[in-house]
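The values are calculated or read from the model by the stated rules, or taken from the named source; none is laboratory data. The model shown is predicted, which means the values in this text are computed figures rather than measured ones. A quick note on method: Cβ atoms are made from the backbone with ideal geometry, for glycine too, and the neighbour counts reach across all protein chains shown.
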Amino acid sequence: MKYDAIIVGAGAGGGVTAALLAESGAKVLLIERGKHHTFADEKTDHLRNHRLSQYGQNTGPGEGNPRVFVTPDGVEHIVQPYESGYNNNAMAVGGGTPVYGGQAWRFLPDDFRMASRYGVPKGSSLADWPITYAELAPYYEKVEYEVGVSGDSALAAQVWPRANPYTMPPVAKTARGTYLQHAANALGWHTFTPPLLINSVPYNQRPACTGCTLCVGFACHVNAKNGTHNTMIPRALATGNCTLLTETMVLHINMHDARTAAGVTYESADGQRHTVDAGLVIVSSNAIETPRLLFNSATSDHPHGLGNHSGHLGRHLQGHMYPRAIGLAPEPIWDGQGPGVSICTTQFSHGNPDIIGGGMLADEFITLPIIFWKRFMPPEVPRWGQAAKEFMRHAYPRFIDITGPIQDIPNPESRVTIDASVRDRYGLPVARLSGQVHPESVRTATFMYERAKEWLQAAGVERIWGKPPSSWLSAGQHQAGTCRMGDDPATSVTNRHGQIHAINNLYVADGSLHVTNGGFNPVLTIMANSYRVAEGIVRRGK
Amino acid sequence: MFDATQYATLRAVVDCMIPADEAPGGLMAGVDRYLIHFLQHDGVGFVSQYQSALTALQHEAELRHAASFAQLSQAQATNLLHALERNETQAVWRTSPSAFVATMAEHCAEGFYADPRQGGNAHGVSWISIGFEERR
Ligand SMILES: Cc1cc2nc3c(=O)[nH]c(=O)nc-3n(C[C@H](O)[C@H](O)[C@H](O)COP(=O)(O)OP(=O)(O)OC[C@H]3O[C@@H](n4cnc5c(N)ncnc54)[C@H](O)[C@@H]3O)c2cc1C
């Protein structure tokens, strides 16, 4: 059978794309290497999940899928999915979305025109998006409504131009959030409850969040967390036009001729390989696996990988640097209220003296005790003995951490390539990640770290500590940028429609398209942009 | 995996790293059993480091106090581990003493502060002491 479209990866971007194409009547084959992951599959293991993957994860990938990570000293390390150098997102039906935290940020208008606003710093590849905020805004709104976002409409409207309110009120404020609110008021900072892809009230025939203590990194126990796994993908399947294959790895995109993709070759769970044809191929495998698949599909017409005519494929890899400051409230403040994140400020997203862009600051999702021990203890506190135990007892009920993504300044040397020797269990070259963040990103992160400390200081905390930002590659769960869109084929991988410049029927729809990644968690933008790409495909009748 | 002396030493180190006070310590919470299970599964890569370090620890105790490690007072054991953190040794070590102390401290904390399903935080005793309650 020949499909109208094959979508590689049923994540955030792929899920949205599948729904729109299937609802338009197209016959869609949606291929996902992971499995369905619901709370029934959840072991609620505090050491093996997507928030702390010390020895493993609750979704994939599993054995036989290494990557190569090159540290700043130039040393190559073979890394497993649960190790930090792997920069994993998550692998399941829904991609990162069944286990994410669900912060649902729109980028700001200036995030789409960073080069115009700030100029291009030396060594960076800062560029404007080929589209504006105004062009994406209607798609943000569709995603907020169709996937489901709760938020503080009136306060958020002071930050973004938006047509309509959120359809759900914001989630509950924690005691910590209220405490930080007083401090922000004293500083004159504008704050609000972050928008979340979490039901604050029943929505879409699913219940409201129970405020449980297990949130980010795990599947939701009442299915109140909204991702593509419980919205767009079921919608696609409900049309009868979409076939979803799980535990199925796409190995290769096949070309019919230099300008036309024929389809894909995949391996299913039983180890059988199949080749299937389609009128259109859309790669939505995330910002590391999408370029890897395009590299691994090189032909004599495209010897350096599909979409790599300009040499930009895999470059400009960026996640987000995350400065973090921690302090102790004078009295216990922990109330165990999930999802936990309940106050943020966009005061420093732009317009900071001598800084390119800026970032967002928020308090933290519910923090499991072992995560506090591993990541949030001050460096000088002993890790064992009576003092360590007493510190945990004193600090855990009192700690407040303030953190958030900064607007990374992309550079072409932060990149995904394929490794010359290391292969995965399918015999394919694995992704090789190399490079460092741009010095301007470090400056921004340092600036935001100071603002986080300022907030804690104003709150009157007892003690403040944190980690000064390092210059290591940032990719991870917020990975983006490796197939950047642009109007000029010489400086981009796809055009503004997400179509690979030199190939008529090969598209990308995921975080890879982001030219810059905003100073915000990226998933709402990935969904909105994929919605726009998919709608364009439907409209142009391709 | 461990002989009787090594196992006794392991338990004594756990007791030192997460001592009992007004709240239960690592031994009462099952951290020693957690470590054994861990070393048989995800922690297999650490087994030889543990074996060699536990034997060296016993020798340190014999050389310094003419006693086995498990017989040392809490203060003696703690001081000895602090000396190892500074890589001050009297016995022969085939593995880095300071690295071992840091590694084992981390493994003990993983057992003690992670979910009770892992086996090292029996009845959630560590969570009760810090005020964390798992709630759905
Ligand atoms: C714990 C966690 C918390 C997060 N919290 C937030 C948050 O609060 N806010 C936010 O904005 N973002 C958050 N994120 C990030 C968010 O999930 C990602 O930005 C988003 O999922 C990326 O979308 P994507 O479409 O680019 O890729 P993905 O969602 O990663 O989807 C790609 C899919 O393709 C599949 N795939 C890859 N290669 C192949 C192949 N060859 N064949 C078949 N299938 C393949 C993968 O298995 C995956 O399912 C979080 C992520 C995690 C893991």
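Summed over region A:167-194, the residues that are in contact with a Phe, Trp or Tyr (Cβ under 9 Å, 6 or more places away or on another chain) and either farther than 14 Å from A:ILE402 by Cα or of a type in the set (Ser, Thr, Tyr) (or both) give a count of 7.
Among the residues in region A:151-163, are any touching a Ser or Thr at 6+ places or on another chain (Cβ under 6 Å) and away from chain B (no Cβ under 14 Å)? Yes, because at least one residue in region A:151-163 is touching a Ser or Thr at 6+ places or on another chain (Cβ under 6 Å) and away from chain B (no Cβ under 14 Å).
In region A:343-375, of all residues being surrounded by fewer than 18 Cβ atoms within 10 Å (Cβ to Cβ) and within 24 Å of A:GLN181 (Cα to Cα), the one that is farthest from the other protein chains (Cβ to nearest Cβ) corresponds to A:GLY351.
Filtering region A:335-358 to residues that are in contact (Cβ under 8 Å) with a residue 40 or more places away in the chain and at positive phi leaves A:GLY336, A:GLY340, A:GLY357, A:GLY358.
Out of curiosity, is A:ILE7 within 11 Å of the ligand (Cβ to nearest atom), closer than 14 Å to A:THR248 by Cβ and in contact with a helix residue (DSSP H, G or I) (Cβ under 6 Å, 6 or more places away or on another chain)? Yes.
Could you tell me which of the residues A:PHE69, A:PHE39 is aromatic (Phe, Trp, Tyr) and out of contact with any Cys (no Cβ under 7 Å at 6 or more places or on another chain)?
The conditions single out A:PHE69.
When you scan region A:328-342, how many residues do you find that are surrounded by 24 or more Cβ atoms within 10 Å (Cβ to Cβ) and away from chain B (no Cβ under 14 Å)? Of the residues in region A:328-342, 2 are surrounded by 24 or more Cβ atoms within 10 Å (Cβ to Cβ) and away from chain B (no Cβ under 14 Å). With a requirement of 2 or more residues that are surrounded by fewer than 18 Cβ atoms within 10 Å (Cβ to Cβ), the strands (runs of 3 or more DSSP E) lying completely within region A:205-305 that satisfy it span A:249-257, A:260-267, A:273-283. Counting only residues that are touching a helix residue (DSSP H, G or I) at 6+ places or on another chain (Cβ under 6 Å) and more than 13 Å from the ligand (Cβ to nearest atom), which one in region A:474-506 is nearest to the other protein chains (Cβ to nearest Cβ)? This residue is A:MET485.
Scanning region B:28-58 for residues that are charged (D, E, K, R) and out of contact with any Phe, Trp or Tyr (no Cβ under 6 Å at 6 or more places or on another chain) yields B:ASP32, B:ARG33. Filtering region A:97-114 to residues that are surrounded by 24 or more Cβ atoms within 10 Å (Cβ to Cβ) and touching a helix residue (DSSP H, G or I) at 6+ places or on another chain (Cβ under 6 Å) leaves A:THR97, A:ALA104, A:TRP105, A:ARG106, A:PHE107. Under the condition of being farther than 22 Å from B:ASP42 by Cα and among the acidic types (Asp, Glu), the residues counted in region B:84-127 number 2. Considering B:ASP15, B:ASP3, B:ASP42, the condition of being away from chain A (no Cβ under 14 Å) and either within 11 Å of the chain's Cα centre (by Cα) or free of Cβ contacts under 8 Å to residues at least 24 places away in the same chain (or both) is satisfied by B:ASP3 alone. Residues in region A:100-127 that are in a loop (DSSP other than H, G, I, E, B) and within 16 Å of the ligand (Cβ to nearest atom): A:TYR100, A:GLY101, A:GLY102, A:ALA104, A:TRP105, A:ARG106, A:PHE107, A:LEU108.
Listed here are the residues, each with its yes/no results for (1) at pLDDT below 95; (2) within 16 Å of the ligand (Cβ to nearest atom); (3) part of a loop (DSSP other than H, G, I, E, B).
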{"residue": "A:ALA134", "(1), (2), (3)": "no, no, no"}
{"residue": "A:PRO161", "(1), (2), (3)": "yes, no, yes"}
{"residue": "A:ASN164", "(1), (2), (3)": "yes, no, yes"}
{"residue": "A:PRO194", "(1), (2), (3)": "no, yes, yes"}
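Looking only at residues of region A:44-99 that are assigned to a strand (DSSP E or B) and within 14 Å of chain B (Cβ to nearest Cβ), we find that the one that is nearest to the ligand (Cβ to nearest atom) is A:SER53. In region B:107-121, is there at least one residue being without any contact (Cβ under 8 Å) to a residue 24 or more places away in the chain, hydroxyl-bearing (Ser, Thr, Tyr) and surrounded by 19 or more Cβ atoms within 10 Å (Cβ to Cβ)? Yes; the residues of region B:107-121 include at least one that is without any contact (Cβ under 8 Å) to a residue 24 or more places away in the chain, hydroxyl-bearing (Ser, Thr, Tyr) and surrounded by 19 or more Cβ atoms within 10 Å (Cβ to Cβ).
Mind listing whichever residues of region A:306-347 are assigned to a loop (DSSP other than H, G, I, E, B) and hydrophobic (A, V, I, L, M, F, W, C)? Listed by number, the residues that qualify are A:LEU306, A:LEU313, A:LEU317, A:MET321, A:ALA329, A:ILE333, A:TRP334, A:VAL341, A:ILE343.
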